[in-house]
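What follows is a single structure, written as structure tokens, with notes after it.
The values are calculated or read from the model by the stated rules, or taken from the named source; none is laboratory data. Model, not experiment: these values are computed from the prediction. Note that each Cβ is placed from the backbone with ideal geometry, even for glycine, and that neighbours are counted across all protein chains shown.
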Amino acid sequence: MKYPVAIEPGSDTTAWGVVVPDLPGCFSAADSGLDEALDNAHEAIAAWMEEAIANGQAIPRASSIDKLAKSGEFDGWIWAVVQVDPAWMDERAERVNITLPRRILALLDNKASLAGESRSAYIAQLALQTAVSP
């Protein structure tokens with residue numbers, strides 16, 4: 001899935017501004033240029049989606065750049081596209097087989113029990129807490 005982003009060019013004294021029009025309130029900035037602006041946009045999109053999923057909100061489909069550019073809201077800005085892995089939005093469970101030392105499994109099971117969760121749910125929570133971007 002590709003999301004268009006509008007980038008307001010920065011200068012020596014101002015940051016580059018980044019807005020993701022299809023995701024209300026999703027924005028970012030960068031100090032060192034276009035590459036950093038796109039990297040930060042990707043992180044902002046990931047954080048926005050994670051929050052939306054956690055709150056049970058739907059993820060809006062991406063619009064075309066042509067449609068967004070015609071609105072005139074971002075005249076003079078640079079348009080780019082940020083690729084997002086669609087699996088990031090897929091909530092279907094998938095069985096996996098992992099190999100861990102028994103000591104680690106015992107630690108996981110103990111912590112999962114203390115948290116009132118299954119091993120799988122506990123591992124998923126750990127992954128979500130440490131996820132930076134899809």
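Remarks
For every residue, the table says whether it meets (1) on the phi < 0 side of the Ramachandran plot; (2) in contact with a helix residue (DSSP H, G or I) (Cβ under 8 Å, 6 or more places away or on another chain); (3) at pLDDT 90 or above; (4) of a type in the set (S, T, N, Q).
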position: Ala69; (1), (2), (3), (4): yes, no, yes, no
position: Gly116; (1), (2), (3), (4): no, no, yes, no
position: Ala121; (1), (2), (3), (4): yes, yes, no, no
position: Gln129; (1), (2), (3), (4): yes, no, no, yes
position: Val132; (1), (2), (3), (4): yes, yes, no, no
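- Residue count for the stretch 14-64, restricted to those that are under 19 Å from Trp77 (Cα atoms), touching a residue at least 24 places away in the same chain (Cβ under 8 Å) and assigned to a helix (DSSP H, G or I): 7.
- Scanning the stretch 94-134 for residues that are surrounded by fewer than 13 Cβ atoms within 10 Å (Cβ to Cβ), over 23 Å from Ala54 (Cα atoms) and not aliphatic (A, V, I, L, M) turns up Asn97, Thr99, Pro101, Arg102, Arg103, Asn110.
- All of (1) within 25 Å of Asp35 (Cα to Cα); (2) in contact (Cβ under 8 Å) with a residue 24 or more places away in the chain hold for Leu128 with one exception: (1).
- Single residue of Glu73, Glu117 found to be part of a loop (DSSP other than H, G, I, E, B), within 26 Å of the chain's Cα centre (by Cα) and not assigned by TED's automatic domain parsing to the domain that holds Trp16: Glu117
- Hey, Asp90 surrounded by fewer than 14 Cβ atoms within 10 Å (Cβ to Cβ) and farther than 18 Å from Pro21 by Cβ or not: yes
- Selection of the stretch 51-67 for residues being surrounded by 10 or more Cβ atoms within 10 Å (Cβ to Cβ) and at positive phi yields an empty set.
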